[in-house]
Amino acid sequence: MTEEKKDFFVSNISLSYQYTAGNATTRFLNKVAEGKLVAQKCPKCSAVYVPPRGSCPRCGVATEEELELPDTGAVESFTIVHIPIPGNPIVPPYVSAMIRLDGADISFLHLIQEIDLADIRIGMRVQAVWKDRSEWGTTLENIKWFKPTGEADVDPSVFKFKE
Amino acid sequence: MTKSSDKELLRASFKLEYPYERSPGPVIGKFFDELSNEVLVGTKNSKGEVFVPAAEFDPKDSEHLSEFVEVKNEGVVQSYTWIKKPRAHHLIQESFAFALISMEGTDSAMLHMIANCNENELEIGKRVKVVWNEEKTQTIRDIKYFEIIDD
Amino acid sequence: MKDIYILAYAQNPIVADAKAANEVELIMPVVHQVFKQTGFTQNDIGFTCSGSCDYLQGAAFAFVEGLSAIQTNPPIKESHVEMDAAWALYESILKIQMGDAETALIYGFGKSSPGDLPFVSTLQTDPYYMSPLWPDKTSLAALQAQLLMNKGVLTKKDMYEALTQSISNAKNNSNALVTAMPSEDDYLSADYLSSPLSAFDCAPISDGASAMIIGTEEAATKLGLQKIKISSVHHSIESSNFGARDLSTSESIIGLGKKINLKSFKPDFVELHTQFTYEIPFIRGLLDLGNVDINLSGGPLAGNVMMAAGLDSIGKSFELLKNNDFHSGLAHASSGPCLQQNMLVHLEKIND
Ligand SMILES: [Zn+2]
C-alpha cells in the first residue's frame with residue numbers, strides 16, 4: 001500500500017468558458033470573414049488601429065470610425081522561430097513578424113512564408129496570402145501568411161507612431 | 001469562433017487549465033504521505049491544540065507548527081450543506097454533502113464530503129468516519145468521503 | 001491625516017450577460033461619466049487604481065487590456081488589485097495620504113457570464129486541502145448559513161425578509177438587475193442548491209463596471225460640489241483556513257465595528273456587500289445595527305458585479321448622501337468565502 005513519497009501533485013484546475021470577442025473585435029472579425037481588413041480610427045488623434053480593440057489607449061476614447069485597409073504592408077519587426085511549439089502545425093524554422101498594414105499606426109503578429117529565411121528584414125514589403133474563399137471564417141487565420149511583394153523596402157522611420 | 005444565435009455576436013468555448021505541479025512542503029507533504037497509508041495526522045501547537053488537516057501555522061497567532069500527532073479517522077460534523085443535485089465539478093455525482101468535520105481530539109475542522117446517506121440522517125453533531133479511496137494519490141482525495149457512523 | 005472626499009461615482013446598468021462587450025467597452029462609459037461629473041480629464045488624475053479578476057471571464061491579463069479604456073499618454077501612475085475595487089479605493093486613499101497624489105481614479109469591472117462563477121470562486125480556496133474537492137461559492141456560504149440557523153442566530157424567514165427588502169429597495173435603482181419578487185411560499189418551497197440556500201438566496205450572476213474619483217479637501221473645494229467625506233476606513237482579513245475559524249461569528253466584522261467606532265455615530269443607512277441573503281441579518285446582528293435601513297440601493301442581491309460590488313456599496317452610499325437628507329452612512333465591502341475579509345467605510349456629508 002505504501003507508495004514512494006511524492007514531491008509534488010498536479011493541480012486539477014479546469015474551467016470552461018464562453019469567450020466573447022468584444023464589440024469592436026466582433027465588427028472586425030465579421031469583416032475579415034468577407035476578406036476585408038477594416039481598421040478603426042481615433043476621433044481625437046486620428047491614429048488607425050488594426051486589429052481594433054475599440055479604443056485609442058492614448059486618448060481613452062472609443063474608435064467608432066471604420067476604414068478599410070489594403071492587405072499590403074511592411075515588416076516592422078520579426079523573429080525566426082527555431083523551437084517547435086506544442087500543438088502548432090508549422091514546422092520550424094519559420095518567420096513570425098509584426099506587420100504594419102499600409103495606413104495603420106500599429107502592427108500585428110502574423111507569419112511570413114514563401115521567403116528565403118536569409119532575406120527577411122525590417123522594412124520589407126509584404127502582402128497577405130489568403131486561404132481559398134470557401135474556407136473563410138471569422139478569424140485572421142483566413143490569411144495563411146504574408147509573402148514578400150518584391151517592391152522596394154520602406155524606410156523604418158515611417159513606423160513611428162502618429163504624433 | 002462560431003456565430004451564435006445572437007446576430008453577429010461571436011462566442012468561442014474554451015477550457016482554461018492549470019496543470020501546475022504543486023509541492024506541498026514538509027508539513028502538508030507529511031499529511032498527504034500519511035493519508036496514503038490510511039493514517040490521519042495533525043499538527044499540535046504549544047497550547048496542545050491539534051489541527052487536522054495538518055496546519056503549517058496556527059491561524060490565530062502564526063506559531064510555526066511542526067509537532068505531529070496521529071488522530072482517529074472519526075469525527076463530528078460542525079456544519080454541512082446538502083447538495084441534492086450535484087453540479088459540474090463536484091466529485092460525487094449523486095446527492096452528497098460538503099461538511100466541516102472536526103476529527104476526534106482536534107480543535108479545528110476539515111472541509112470534506114459526506115456520502116452514502118440521506119439528507120434527513122445528517123445533522124450538526126453527527127459522528128462520521130473516513131472512507132478511503134482505494135487508489136492513493138497523496139492528495140486530500142485519498143479520503144474518498146466520510147460516512148455516518150451507525151449508533 | 002488628510003481628509004479625503006469622494007468627488008464622483010458612476011455605475012453601468014448591471015446586466016446578466018454583457019454579450020460581446022469586452023473590458024474596455026465596459027469600463028470606458030463609467031470612466032467618461034465620472035470625468036463628466038467632475039470636469040476632469042485623465043491629466044487631472046494623480047493616481048489610477050483598478051480591481052478585477054481575470055479568471056471571471058477567463059481572459060489572462062484582461063486587467064492590462066482594461067487600461068486601454070483610459071488615456072495613458074502621457075504615461076500615468078497606475079496600479080491594480082486582484083480584488084474588489086473597494087481595495088483599489090483603499091490603495092488610492094493610502095497613495096493620497098502619502099502625498100503622492102491629490103486625486104485618484106478607481107474602477108472595477110467584472111464579467112462573470114462567460115464562466116461558471118461558483119466554481120471560478122473555488123480557486124480562492126486553499127489549493128492543497130480545499131480546491132481539489134471543488135467546493136463552490138454557494139456551498140461554502142451554505143456551510144456558514146446552516147451553522148447560523150442551527151445556533152438560532154437567524155432563520156429562513158429572516159433571509160426572506162432580507163431578500164424582499166433588497167428587491168423592493170432596488171425599484172429605486174435604475175441600474176439594478178433583479179426586480180421580480182418571489183412570494184414567501186415560492187421562496188420557502190424552492191429547491192436548495194446547497195442547503196439551506198436556494199437560487200433566491202444567491203446574488204445574480206452579473207456583468208458590469210463602476211468608477212469613482214476621490215480627492216483631497218482642496219480638490220473637493222475647487223469642484224464646489226456637495227462634499228462627501230470618507231471619515232474613516234478600515235479593513236481586516238481572517239485565516240484562509242476557515243475550518244479553524246468560528247463561522248458562527250466574524251472576528252473581522254466585529255473588530256472593524258470597534259475600529260471604526262460605530263458606538264460614536266448612528267448611520268442613517270448601511271450599504272452591505274452581501275452576496276447571500278443570510279449575510280444581511282448576520283451582519284446586522286454582528287454590528288448591532290438595530291433597525292437601520294440596509295441596502296437602500298438593493299445591494300448585491302439586486303445585481304452583483306464581481307470586483308465592483310464592494311466599490312458599489314461605497315459609491316451607492318455616496319449617492320444616497322448626496323441626493324437625500326442623510327448625513328452619515330456606513331458602507332461595507334467583503335471578499336473570500338464566509339466573509340473572510342471585510343472593509344467598513346464611514347461616509348459623512350460635510351456642509352461648509
Ligand atoms: Zn487617439
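All of the numbers you see were taken from the coordinates with simple rules; none came from a lab. Source: prediction; values computed, not measured. Please note: Cβ atoms are built from the backbone with ideal geometry, for glycine as well, and neighbour counts cover all protein chains shown.
Summary of the geometry: region C:104-158 and region A:104-136, compared by the centres of their Cα atoms, lie 48 Å apart.
Taken as Cα centroids, region B:67-109 and region C:193-208 sit 23 Å apart, rounded to the nearest whole angstrom. The value of relative contact order for region A:71-157, using C-alpha pairs under 8 Å at least six residues apart, is 30 percent.
Applying 1/(1 + (r/R0)^6) with r as the Cβ-Cβ distance of C:Ser328 and C:Met1 and R0 = 22 angstrom yields a FRET efficiency of 0.70.
Rounded to the nearest whole angstrom, the semi-axes of the ellipsoid equivalent to the protein assembly as shown, taken from the Cα gyration tensor as √(5λ), stand at 46, 35, 23, largest first. For B:Ser46, neighbours were defined as the other residues whose beta-carbon sits under 10 Å from its Cβ, and their charges (Lys and Arg +1, Asp and Glu -1) total -3. On a 0 to 90° scale, report how tilted helix C:137-150 is relative to the longest principal axis of chain C, with both axes built from alpha carbons and the result rounded to the nearest 10. Compared with the principal axis, the helix lies near 60 degrees.
Rounded to the nearest 20 debye, the dipole magnitude of region A:20-69 is 160 debye, with +1 charges on Lys and Arg beta carbons, -1 on Asp and Glu beta carbons, and the Cα centre as origin.
Listed values for region C:335-347 are Karplus-derived 3J(HN,Hα) couplings in whole Hz (6.51 cos²θ - 1.76 cosθ + 1.60, θ = phi - 60°), namely 7, x, x, 6, 6, 5, 10, 9, 9, 10, 10, 9, 10, and x replaces Gly and Pro.
Only Cα pairs under 8 Å and 6+ residues apart enter the sum, and on that basis the relative contact order of region B:23-148 stands at 23 percent.
Partner lysines whose Cα lies under 22 Å from the Cα of B:Lys136, excluding those fewer than 8 positions away in the same chain, are identified as A:Lys5, A:Lys6, B:Lys30, B:Lys72, B:Lys144.
Please state the relative contact order of chain C as a whole percent: Cα pairs under 8 Å, 6+ residues apart? In percent, rounded to a whole number, it is 26. Packing, as the average of other Cβ atoms within 10 Å across residues, places the peptides C:105-117, C:254-266, B:39-51 in the order C:105-117, B:39-51, C:254-266, highest first. The charge dipole of the protein assembly as shown, taken about the Cα centre with unit charges on the Cβ atoms of Lys, Arg (+1) and Asp, Glu (-1), comes to about 1300 debye, rounded to the nearest 20. Other residues with beta-carbon under 13 Å from the beta-carbon of C:Met83 carry, at +1 per Lys or Arg and -1 per Asp or Glu, a net charge of -4.
Charge tally around C:Tyr5: other residues with Cβ under 13 Å, Lys/Arg +1 each, Asp/Glu -1 each, net 0. For chain C, the Stokes-Einstein estimate of translational diffusion at 10 °C and a viscosity of 1.306 mPa s comes to 78 µm²/s, using the Kirkwood hydrodynamic radius over alpha-carbon pairs.
Share of pairwise Cα-Cα distances greater than 24 Å in region C:150-278 is 52 percent (whole percent).
Please identify, among A:Gly35, A:Gly150, A:Gly73, the residue showing maximal mean-square fluctuation in a Gaussian network model of chain A using a 10 angstrom Cα cutoff. Maximum among the listed residues: A:Gly150. Packing-based ranking of C:95-104, B:72-81, C:235-244 yields B:72-81, C:235-244, C:95-104, ordered from highest to lowest mean Cβ neighbour count within 10 Å. Using a Förster distance of 60 angstrom, determine the FRET efficiency expected from the C-beta separation of B:Glu67 and C:Lys157, and round it to 0.05. So, using R0 = 60 Å, E works out to roughly 0.80.
Within 10 Å of the Cβ of each residue in C:241-254, the mean number of Cβ atoms contributed by other protein chains is 4.
Starting from the Kirkwood radius over alpha-carbon pairs of region A:10-58, derive D by Stokes-Einstein at 10 °C in a medium of 1.306 mPa s and give it in µm² s⁻¹. It comes out at roughly 124 µm²/s. In the structure shown, the pairs B:Lys84/C:Lys19; C:Lys171/C:Lys322; C:Lys111/C:Lys229; A:Lys160/C:Lys95; B:Lys60/C:Lys258; B:Lys84/B:Lys129 are assessed against 23 Å; a Cα-Cα span above that value is assigned to B:Lys84/C:Lys19; C:Lys111/C:Lys229; A:Lys160/C:Lys95.
Shown in residue order for region C:296-312 are the 3J(HN,Hα) couplings computed by the Karplus curve 6.51 cos²θ - 1.76 cosθ + 1.60 at θ = phi - 60°: 4, 7, x, x, x, 5, 10, x, 9, 7, 4, 6, 10, 5, x, 4, 4 Hz (x for Gly and Pro).
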